[in-house]
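The values are calculated or read from the model by the stated rules, or taken from the named source; none is laboratory data. Owing to the predicted nature of the structure, the values given are computational and were not obtained by experimental measurement. For neighbour counting, all protein chains shown are included, and Cβ atoms are generated from backbone atoms with ideal geometry for every residue, glycine included.
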Amino acid sequence: MPGLSYYTVIYSNQEAFEATLNRAIAANLNLQRLDNSAAFVDVDGIKTKLVLE
């Protein structure tokens, strides 16, 4: 069944970005991290992209 495959959350605040990363790590998500972005896939196969601008 087609549906949502990914979405992007854009942060303008470093603290909020880091807090979200820490929650993802605490939830044992397979977090893929780059300099100003990160991504993980949830249990439904939806990819969440986190971007700090």
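The residue that is nearest to GLU53 (Cα to Cα), counting only those in the stretch 24-43 that are part of a loop (DSSP other than H, G, I, E, B) and of a type in the set (D, E, K, R), is ASP35. Taking the residues in the stretch 44-53 that are β-branched (Val, Ile, Thr) and not in a loop (DSSP other than H, G, I, E, B) as candidates, determine which candidate is nearest to GLY3 (Cα to Cα). So, considering only residues that are β-branched (Val, Ile, Thr) and not in a loop (DSSP other than H, G, I, E, B), the one nearest to GLY3 (Cα to Cα) is THR48. Determine, yes or no, whether ASN22 is within 11 Å of the chain's Cα centre (by Cα) and without any contact (Cβ under 8 Å) to a residue 60 or more places away in the chain. The answer is yes for ASN22. Scanning the stretch 12-53 for residues that are at pLDDT 95 or above and among the polar types (S, T, N, Q) yields SER12, ASN13, GLN14, THR20, ASN22, GLN32, ASN36, SER37, THR48. Quick one: would you say LEU21 is assigned to a loop (DSSP other than H, G, I, E, B), surrounded by 11 or more Cβ atoms within 10 Å (Cβ to Cβ) and in contact with a strand residue (DSSP E or B) (Cβ under 7 Å, 6 or more places away or on another chain)? No.
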